[in-house]
Amino acid sequence: MDAHLLKPDLENYVTHLECSATGQHYPADAVQTLSDAGKPLLVRYDLPSIKKNLSKRALAERRPTLWRYKELLPLRADPISLGETFTPLIDSRELAHTLNLDQVLIKDEGRLPTGSFKARGLALAVNLAKSLGISKMAIPTNGNAGSALAAYCSAAKIESLCFCPSDTPEVNLQEMAFYGAKTFKVEGLINDCGKIARAGAERGLWFDTATLREPYRIEGKKTMGFELADQMNWELPDVILYPTGGGTGLIGMWKAFDELEAIGLIGEGRPQMIAVQAEQCAPIVRAFEQGLDHAEPWLNAQTAAAGIRVPVALGDFLILKAVRDSGGFATAVSDAEILRTQASIAKSEGILLCPEGAATAAALIRECSRGRIRPGAKVLLFNCATGLKYPMPAPVHSFNDNQPLETL
Ligand SMILES: *Cc1c(COP(=O)(O)O)cnc(C)c1O
């Protein structure tokens, strides 16, 4: 993988990569993983030039896909795409009304390719890997990241391997395998899967695409921040609740807001960022409450919301800093609250949330009653994946021929 000084086919505004802990610079025209300090690398752009060349009006004329923001993306060639459409902001009137809030918007990321927002990150990671000459990619995954990696790798003619905790739902495993990924069940949790992906990468067998171990998934995830600002007419909501596993989306949106401010598209106001976790896997909440900059690994992590069953996050310090700088906080909800909220929103509003998305709604309900979210706020929730990939209770009625239709 000697890709040093690869010239891009497409001019971009990337100046360099930067260590998120030490600020040390690295060249963007070679394959990169973590910094020498073992921390995630962030992509930096020539923001003054973008500011000169990009206007709201020019953006508005482009198609509603994540590639709309191409000046703020690291693309080195025309993108390999599976249709990364804008995702809708659904008004949840019932939640807003019962919680006495101005507005509750649910950004429904289940509409993306492979049915989750992992498509944003992996679209960028795989496109950049292709441009930089990588031919085999591996990922530790609770389900959605693997599906997205597998799909984009197939589109890009790259081999893919997915390492999944053994209790990953069959539907996710089948999806990865059907896209052509070599799919493995591993005894243990996502961090155990991560060790395998890392070991193979260290031997030069493949590229490790684990959360924040390469610089580009975060660049894809940050498009959530661009897109929601754009959809809300460049006014950000007061509060964002984000279901936090590895935290890529939260860190990415926080970066996106800074970039938008630097190019003059938004002002200095920021939403309160609230990291939502599950009570039985809440390392970020614990670190937040203890005033720590890093989170200790969570033992015996368990939750029905598999996407946030992440006991150790490499970007813990970045999540905690964004949450604190925003004046937000971290909070945990129980699986019972998650499943109850998911069922009630499906019935009362016709919106099928995934458990992770339902966790943000459950946290909203809890924090409104505790008074940490003020009445009248404009709130944004994330439904990060389609609810259709998760188990639902079986329907109860079978039709009986003798039953009068009037009684149905
Ligand atoms: C990956 C995932 C998350 C967590 O996202 P991060 O940005 O990695 O914290 C939440 N929900 C679902 C459905 C996911 O797939």
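Derivation of every value follows stated rules applied to the coordinates shown; laboratory data play no part. Model, not experiment: these values are computed from the prediction. So basically every Cβ, Gly included, is an ideal-geometry build from the backbone, and we count neighbours across all protein chains shown.
Structure data summary
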| read-out | value |
| --- | --- |
| Check: the chain dipole with +1 on Lys, Arg Cβ and -1 on Asp, Glu Cβ, in debye | 480 debye |
| Protection proxy ranking, peptides 360-369, 248-257, average beta carbon neighbours within 10 Å, highest first | 248-257, 360-369 |
| For region 298-325 and region 341-395, distance of Cα centres in Å | 19 Å |
| Simple spin-label estimate for Ala60 and Asn233 in nanometres, 7 Å along Cα-Cβ | 1.0 nm |
| Cα-based shape type of region 118-208, given that a ≥ b ≥ c are square roots of the gyration tensor eigenvalues and the cut on a/c is 1.5 | oblate |
| Ellipticity estimate at 222 nm from DSSP helix runs (n ≥ 4, -39,500 (n - 2.57)) divided over the chain, nearest 500 | -10500 deg cm²/dmol |
| Protection proxy ranking of 42-52, 393-403 - average other beta-carbon atoms within 10 Å, highest first | 42-52, 393-403 |
| Region 213-263: GluC sites (Glu not before Pro) in DSSP coil with no more than 15 other Cβ atoms inside 10 Å | Glu235 |
| Positive-end residue of Leu34, Ala330, Asn383, charge dipole of the chain with Cβ unit charges | Leu34 |
| Dipole in debye (nearest 20) - region 232-354, about Cα centre, beta carbon charges: Lys, Arg +1; Asp, Glu -1 | 340 debye |
| Net dipole in debye of region 93-187 [+1 Lys, Arg Cβ; -1 Asp, Glu Cβ; about Cα centre; nearest 20] | 440 debye |
| Between region 11-37 and region 138-206, the Cα center-to-center distance that results, in Å | 25 Å |
| Charge dipole of the chain about the Cα centre (unit charges at C-beta), most positive-ward option of Phe163, His97, Pro393 | Phe163 |
| Lys/Arg +1, Asp/Glu -1 at C-beta; the chain dipole; positive extreme among Tyr13, Ala129, Gly188 | Tyr13 |
